[in-house]
Amino acid sequence: MKKIFSVILFFLILLSDKVIAQQDPMYTMYMLDKMLINPAYTGSSNWLVGTLKYRQQFVGFDGNPVTETFNFHTPIQKRHIGIGFKVINDQTAVTSNLNASLFYAYHLNFAGGKLSIGLEGGIFNRRINYPKLILTDPVDNSIPLTGMSSLVPDASAGIYYQKKQFYFGYSAAHLIKKDFKFKTVNEAGSHLYNHMYLLMGTVWGNTGKWTLEPSFLLKYQAAASVQYDINATISYHDRVAVGVQYRSGDAVAALLKINILENLRVAYSYDMTISGLSTYSKGAHEIILSYGIKLPPPPAEKEVHPRYYY
């Protein structure tokens, strides 16, 4: 027991480093794909899952953010671990970011539930496409004539706890602060800044026809105000679900999830902007397609909610 608390304390200290600037892609339906905000969720169910995600934000703006994501994770039940990977292509105006990472999570029984500790490690490539800039002065020697890119290592960590219908997670992204190196005339150091995520939620009525899942996500980085999301999703027979989300100071979103087959799921969300950008932005669209293969639970484990955590 002392070893367990030592590991948790180490991760809390590690994850408490200050965070500075918002750089991560925005997701509305993270509750359907928690691995993207917390590596400890990797392989936490008895499902092998692959997910494709597409998001277009601030529709109506030229150069608006567009994010394409593919991720995969699975448990290795005999060893009580989960493994996975993700690839994210995020483009905004003349800047594009490619993030590729591997995931590892260790799961152990704790206080009548499952405690998971996860790590993520990979690379982050940032490219600036200078030729796409619209210049008032076509002859500007301070702007390169070709695109430039820089590659840095990236790492994240998190803890995740689930007990019956309740779950809680804490994670921090971009723990390595290595500067991007762009060989421009006026080179200025920049790096990935830490992001902190605190997630909690519960499911009511999981054994009946209808279920209600309220959840809360707190997002923090020091250069901007704290942002939080409040979510509520209602499901019928775990086949169809509708939900709403309020994102502080930014948007109100609606989502629809349909399980076409037991192992094939599609979901769509629309964000209606409520900030000062609402006059110009037509909101945001997000689409998810997931395919899962159900694995038999380990002999020593009792499967309480076979569908919920996929």
**Message:** Can you give me the C-alpha center-to-center distance between the range 245-261 and the range 74-139, rounded to a whole angstrom?
**Reply:** 22 Å
**Neighbourhood net charge (10 Å Cβ-Cβ; Lys/Arg +1, Asp/Glu -1) for ARG55** = -3
**Asked** What residue among TYR167, LEU218, THR67 has its Cα farthest toward the positive end of the dipole of the range 2-294, where the charges are +1 on Lys, Arg and -1 on Asp, Glu, each on the Cβ?
**Response** TYR167
**Fill in**
The pairs in LYS181/LYS257; LYS78/LYS177; LYS53/LYS294; LYS181/LYS282; LYS209/LYS282 lying past 31 Å Cα-Cα in this model are LYS181/LYS257; LYS78/LYS177; LYS181/LYS282; LYS209/LYS282
**Request:** Report the equivalent ellipsoid semi-axes for the range 2-294 in whole Å, largest first, defined as the square roots of five times the eigenvalues of the gyration tensor built from alpha carbon atoms.
**Result:** 34, 24, 17
**Item:** Residue order, fewest to most beta carbons within 10 Å, for HIS285, HIS73
**Value:** HIS285, HIS73
**Message:** Can you tell me how the range 142-299 classifies by the Cα gyration tensor, rounded, prolate or oblate, using a/c under 1.5 as the rounded cut?
**Reply:** prolate
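Throughout, read-outs are computed from the coordinates displayed, never taken from laboratory work. Bear in mind the structure is a predicted one, so any value in this text is a computation, not a measurement. In this analysis, Cβ positions are derived from the backbone assuming ideal geometry, glycine residues included, and neighbour counts consider all displayed protein chains.
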